[in-house]
1. Which of the three applies to the stretch 70-141, rounded, prolate or oblate, going by the alpha-carbon gyration tensor with a ≥ b ≥ c and a/c under 1.5 meaning rounded?
2. Report the semi-axes of the equivalent ellipsoid for the stretch 117-175 in whole Å, largest first, where each axis is √(5λ) for an eigenvalue λ of the Cα gyration tensor.
3. 7 Å from Cα along Cα→Cβ at both residue 98 and residue 110: what's the point-to-point distance in nm?
4. Please give the peptides 64-74, 124-134, 143-153 ranked by average Cβ packing (other Cβ atoms within 10 Å per residue), highest first, as a rough proxy for protection.
5. Calculate the spin-label point distance for residue 52 paired with residue 170, positioning each point 7 Å from the Cα along the beta-carbon direction, and give it in nanometres.
6. Quick one: what does P(r) look like for the stretch 46-169 with 10 Å bins over all Cα pairs, in whole %?
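Read the figures in this text as sums done on the coordinates, not as results from a lab. The model shown is predicted, which means the values in this text are computed figures rather than measured ones. Every residue, glycine among them, receives a Cβ derived from its backbone with ideal geometry; neighbour counts consider all protein chains shown.
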Amino acid sequence: MTINENQHVRGGGRLKATSPAPRGGTRTGGEPTGSGSEADAELTYSIGELAEEFDITTRTIRFYESRGLITPRRAGTSRIYSRRDRGRLMLILRGKNLGFSLEDVAEYLKLYDIDPSQRAQTELLIGKVDAAIADLDAKRADLERSLRDLKELRAKCAEFLRSINAEAEASDKPR
């Protein structure tokens, strides 16, 4: 679930490449964003900006917040999302798109927070990815078997109809 800085999520969580600078955000104090790395560290986003950027609803973002997956600061009733929150949201949506449960994503994010080397996180991810691949391979085998059976059944039905039609034509001909 590692995501390149130049990617973000659009349309149901699918990743598409974009320009390196995130759109939207403001620096602390409400100034427009610049391109400096110091400014990027202070970059913040509103819930509406993130919802628009990721093509999701604000309700979805609040749901992930209620599950403890993202933790924006509060300024009165407003939520203020950091670059970290944006990155976590990106990982949540990427994981969801790949078929991982929210519990899997939460476990991954927890390891991300406690293991700066990201070794445990990467090992966990490899295990989850291997399990997902095995599951999809089994589903593909089931689908291939079902398709083969359906094609065989269709061929038998078509042959049966041809034989009925041939008998009907033979009985309709004068002798």
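1. oblate
2. Numbers: eigenvalues 644, 6, 3 Å².
Taking √(5λ) for each Cα gyration eigenvalue gives 57, 5, 4 Å.
3. That separation, rounded to one decimal, is 1.9 nm.
4. Descending packing order for the listed peptides: 64-74, 124-134, 143-153.
5. The modelled label-to-label distance comes out at 7.4 nm.
6. All Cα pairs considered, the percentages come to 11, 29, 20, 13, 10, 8, 6, 2, 0.
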